[in-house]
Amino acid sequence: MKIGLTGSIACGKSTVSQHLKQKGCQIVDADAISRALTAEGGAALPEIRKAFGDGVFSGAALDRAKLGQLVFADAQKRETLNAILHPMILAEIRRQLDQFDAPGQIVVGDIPLLYECGMETLFDTVWVVRADRETQIQRLFERDGLSREQAERRINSQMLLDEKIRRANAVIDTSGTIEQTQKQVDGLLESVAASAAPVRRRRPPQTLHLSDDVPKGRPAVPRRAVRVVPIETEDSPRRVGRSSRARSPFDGLPTPVRFLALALALLCAMAPLAIADEPITVTVIGPESATNSSNEGYKLVQDWILENTGVLINQITLDGTNNTEKQNALLTGDTTIDVWWGDWMQYSEYGMIRTINEYLEAIPNTMKTWENFGGLSTVTDSEGNVWGLPRNCNRVFYQSFIREDFLKQLGYTEETYPTTFEEFEKYLYAVKEADPFGNGETIALITRGNMTTMEYHFLGGFTKHGYSNWLDETDGLVKPYYLQEGYYDFLEKMHQWYADGIIHKENYSWDTNTVKQYLASGRVAASAAYSTDLCNQYINLRANVPEAKWWASVNGMTRNGELWETQIKAASGAMLFNAKSSDETIRAYLKVLEFLFSDWANNYSAQKGPQGIYWDYDVENYGEEAKTLHIVKDLDYEAAGYPKYSKDFWYSIGLPMESDCVMYDADGVQNMQNEWIRHQGDTFAAKAPFDININYNTKEMTENVMSYNDIQTKVEEDIMSFFNGQKELTKENWDKFVQEMYGIGMQEYCEELTRQYKHAKGLD
């Protein structure tokens, strides 16, 4: 049984198609076929190159914009393109339909322009998906951010839904809930399964050639009985009345011409973007997106982006609680999310995202930015597939910050600031005793609230490989960081600091917000928290303690003459691209990023608000040099009626956090960040682990090492117990801990680490 599935924009066809797939039907996706034919390596490319030359190509990729310009301007070239694409598209659709045409098998042709291209003859029955017009408009508003006028224009540009319904064998009304829609589909499937004969006779397939005489019109199609499947609502479904609008441009065209229209539409959809009257809408979401999309500042920036790129960024805002769960609910719902932030390993496993290798050449400025921060290794698998764009640097290391005003109170000069671990430790004990905040409330050292942060900051001073996996040359196995020689010495030192009150006794029960509150309070003498935690609270600290200032070890501290810091591979979180989103949509999003990365002022305007309204270069005080040094001043945006714009949203769509750490400001916040980012982004002076570019697959770990989760739990619990004194830290007890780890599966864990490392390096 072959079912043709079609409908109009925002009628819910994709929802129906997905449900049919879940019910075991084979799906033949016309859009996917068309994209594949003209994608890099596509079957149509050799013939297109032969017919149109190298001028419509960029390397191995088709330059669809150039090809589109040619065929739209020249009727003969349009016929040539039609002669290439039409047989291929039709042949592939037929091939896939026949491939799955087995007894009892249901094959669904998901074809948006099924009637427009005369392809109903390929199917035993045709189902049309409908929704009332107001539902379509509302969906386009929610999904694509379109105005009512824009939504109606898109609906009106298509073939009359009435006409499709008139011709259909069955109609699925999606105006109700998803469950109601699915129930209708299930009912139709049951009818199909119970039917012994096809719903209608199929006409023999016809092959159309440009050399054939083109008929002046299409033979009249007999009106067939239409089955409208009811939904369980108080109001019975109603047929859509006839519209008085003009007919679709496709209506009445001979099949070859209609198919040419389809081919041209597909080319336009996949073309590099140009600013057009009708904007391309990209729907984005990020779990850390806190900016309210109703914020006037957001709308101002949204309009500014639209004006300069022709792309409308439609933001879905989450409220800050259980955001990951909410995001996943949206991703599996009826709303199309084009771009979001998450773990690429997780989402690629379920086939939800696409690789972006084919797009990278089109975003040179964006790529240059990421190359400056270490490249795309964190989002690249062992086969070289790039699964997204990172949001932060792909490598980080953690340096400690020291209160410079406290240093001076203790008699330090810039020449005697701590530069070694030993000098840093001496300062911690001195500030603990001196208690510069008063009342015994000075916190000598604060951390993020977990042991891992301390390992990030200080383990590199005690072990050869720092906080990283390492290769044990005695047996050739890759092993986790806590099995390195020197880890016990590190743990002993951290326990001593905790016992002596250098680290606040309650630090490890604090959540991140509590840590930030203490950083802003003025009580903290040194920080081993994330640098962004500190930098983001610096303004609050200066408000509470005007004289407060931080000094960072920009050249790296040493222990026993060696740099103690270790480069850490950043998390696999990245901006991800929906596998179901169109090529056009993906390119639109990337065009926005490329625009923002092409010029410093563009980037800054996206985060702070457009230049001239929110900010401008401080030429008055610094002359033209302000533009090269990026010395800026805030404008009176509040008086202008615009609230201060938050940059959280643009972080959520892929602007790297460090991109705004290059400008000057008077209070020194950015200067502190400047030092940090220069150290991190320019020098990478910290120790680099041997496997820093390896992406270990946690799913494979859990599948191949049955005790993997038990190992992780025991490491976390036992090391913390040694640290805080719940377990006595002696060499004997530590050796016993290591033996227990091997007893629950450490050998298998090391073997799996080694297997994945060798595979990634091509050594297996």
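Things to note:
- Filter pass, L140 being at pLDDT below 90, part of a helix (DSSP H, G or I) and in contact with a strand residue (DSSP E or B) (Cβ under 6 Å, 6 or more places away or on another chain): no
- Residues in segment 580-601 that are part of a helix (DSSP H, G or I) and either outside the structural domain of T355 (by TED's automatic domain parsing) or more than 21 Å from the chain's Cα centre (by Cα) (or both): W600, A601.
- Filter result (of a type in the set (A, V, I, L, M, F, W, C) and outside any strand (DSSP E or B)) within segment 3-27: I9, A10, C11, V16, L20, C25
- Number of positions in segment 341-351 that are surrounded by 20 or more Cβ atoms within 10 Å (Cβ to Cβ) and either outside any helix (DSSP H, G or I) or not assigned by TED's automatic domain parsing to the domain that holds S382 (or both): 2
- S400 meets all of the listed conditions (1) in contact with a Ser or Thr (Cβ under 7 Å, 6 or more places away or on another chain); (2) over 21 Å from A548 (Cβ atoms); (3) touching a residue at least 40 places away in the same chain (Cβ under 8 Å) but one, namely (2).
- Under the condition of being in contact with a strand residue (DSSP E or B) (Cβ under 7 Å, 6 or more places away or on another chain) and farther than 17 Å from L20 by Cβ, the residues counted in segment 73-118 number 1.
- Residue within segment 118-133 that is buried (at least 21 other Cβ atoms within 10 Å of the Cβ), at pLDDT 80 or above, assigned to a loop (DSSP other than H, G, I, E, B) and among the aromatic types (F, W, Y) present: yes
- Residues located in segment 370-383, provided they are out of contact with any Pro (no Cβ under 7 Å at 6 or more places or on another chain), in a helix (DSSP H, G or I) and either closer than 24 Å to R755 by Cβ or touching a residue at least 12 places away in the same chain (Cβ under 8 Å) (or both): N372, S377
- Hey, V284 surrounded by 19 or more Cβ atoms within 10 Å (Cβ to Cβ), assigned to a helix (DSSP H, G or I), at pLDDT 80 or above and aliphatic (A, V, I, L, M) or not: no
- Within segment 742-761, tally of residues that are in contact (Cβ under 8 Å) with a residue 60 or more places away in the chain and among the charged types (D, E, K, R): 2
- Checked against (1) under 25 Å from the mean Cα position of the chain (by Cα); (2) free of Cβ contacts under 8 Å to residues at least 12 places away in the same chain, P46 passes all but a single condition, namely (1).
The values are calculated or read from the model by the stated rules, or taken from the named source; none is laboratory data. Here the structure is a predicted model, which means the values were calculated and not measured. Counting neighbours? That spans all protein chains shown, and the Cβs are built from the backbone with ideal geometry, glycine included.
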